[in-house]
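Read-outs throughout are calculated quantities, based only on the coordinates presented, and are distinct from any laboratory measurement. These numbers come from a predicted model, not from an experiment. Glycine also receives a Cβ, built like all others from the backbone with ideal geometry; neighbour counts cover every protein chain displayed.
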Amino acid sequence: MRIKIMQILSLVLLLILVGCHTQPTSLVEESEYEANIFNIIEDKELSIEMNGLVNKNKNQVILEIKNLGTIPIGFGEYYQIEKHQGEAWYRVPFVENIAFVDIGYLIDPGKTEKMIISLKDLKHALTEGEYRIIKEFWTEEGIPYSLAYEFTIGQE
């Protein structure tokens, strides 16, 4: 009888361990953006540069946005994270019920702003591969520009 109980408990434990292991998920929604988006844009009076630092311990990316031009640039809270699979980029979905504050920020010429991107807001953990964070910016006239910060998640 004890052996039977031990076998059942072992089976239950095995099922729990297997159930807790997340399998890498194949992403299905292809990017709406171009394949090549740069981290810097220069156009007449406009010059924006976006770089970042991945902090795996805090599960976040710190973006640094520099206005190197002569006019103010605007941006909002929204961003998109994408993963490169095969020959294309695919959107990494957010957890359900995620919302972004619909607010606009201005960066004056010569100024730098930082933005913290939480990777905890994603539906799937980031597995090994190439990723990019895309943010949209605009001029005072409403002309939109997209920048991407690319980074790689590798084996530890």
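Things worth noting here:
- FRET efficiency, Tyr78 to Glu128 (Cβ-Cβ, R0 22 Å, nearest 0.05): 0.25
- Computed from backbone phi with θ = phi - 60° and the Karplus coefficients 6.51, -1.76 and 1.60, the 3J(HN,Hα) list for segment 72-77 is x, 10, x, 7, x, 6 Hz; x is used for glycine and proline.
- Hz values of 3J(HN,Hα) by residue in segment 52-57 - Karplus curve (6.51, -1.76, 1.60), Gly and Pro given as x: x, 9, 7, 10, 5, 5
- Built amide H within the under 5 Å cut-off of Val92, gap 5+: Ile81, Glu82, Lys83
- Magnitude of the charge dipole for segment 24-153, about its Cα centre and with charges confined to Cβ atoms of Lys, Arg (+1) and Asp, Glu (-1), is about 620 debye.
- Glu77 long-range amide H proximity, modeled H, under 5 Å: Ile103
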